[in-house]
Amino acid sequence: MIRKILVSQPKPSSEKSPYYDIAKESDVELVFRPFIKVEGLTAKEFRQQKVNILDYTAVVFTSRHAIDHFFRLAKELRVAIPEDMKYFCVTETIALYIQKYVQYRKRNVFFGTTGKMVDLIPTMVKHKT
């Protein structure tokens, strides 16, 4: 008989989470432990990799954390991101989050429908440059 379930994410802030319904219905205890912690690189660590952001014409984002860290790093490095930079996002939610940092234009932001990289590759192929 299962008595405890380990959930690999932070504890929900409200009691309306479906996890609590499952716990009540199944008479189990839920233990929330976030396993993954995303930390951005410092500007010094990024420079050591000898990557120049301006050498690239497109960026692929898989999460909102990635967007936050990318634009924070660009600011620290004092790199002005060109307006013609293309952004490929795994989901529409992530694509809409880019609005926080750049003016959202449909011709610059592309996203997949299923949330998988495989779905995004045909769109990338259309933009060979």
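Could you pull out the residue among 41, 6 that is hydrophobic (A, V, I, L, M, F, W, C) and closer than 25 Å to residue 71 by Cα?
41
Are any residues in the range 1-15 outside any strand (DSSP E or B) and open to solvent by less than 60 Å² (accessible area, probe 1.4 Å), and if so, which ones?
If the condition is that a residue be outside any strand (DSSP E or B) and open to solvent by less than 60 Å² (accessible area, probe 1.4 Å), then 12, 14 are the ones that fit.
Which of (1) more than 23 Å from residue 129 (Cβ to Cβ); (2) in contact (Cβ under 8 Å) with a residue 12 or more places away in the chain; (3) within 18 Å of the chain's Cα centre (by Cα) does residue 33 not meet, given it meets every other one?
Checking residue 33 against (1) more than 23 Å from residue 129 (Cβ to Cβ); (2) in contact (Cβ under 8 Å) with a residue 12 or more places away in the chain; (3) within 18 Å of the chain's Cα centre (by Cα), the one that fails is (3).
Got at least one residue in the range 41-53 being over 26 Å from residue 112 (Cα atoms), in contact with an Asp or Glu (Cβ under 6 Å, 6 or more places away or on another chain) and not basic (Lys, Arg)?
Yes, the range 41-53 has at least one match.
The values are calculated or read from the model by the stated rules, or taken from the named source; none is laboratory data. Fair warning: this is a prediction, and the values are worked out from it, not measured in the lab. All Cβ positions, glycine included, derive from the backbone under ideal geometry; neighbour counts span all protein chains shown. Please note that ligands, DNA and RNA were not included when accessible areas were found on the heavy atoms of the full protein model with its side chains. Shrake-Rupley method; radii C 1.70, N 1.55, O 1.52, S 1.80 Å.
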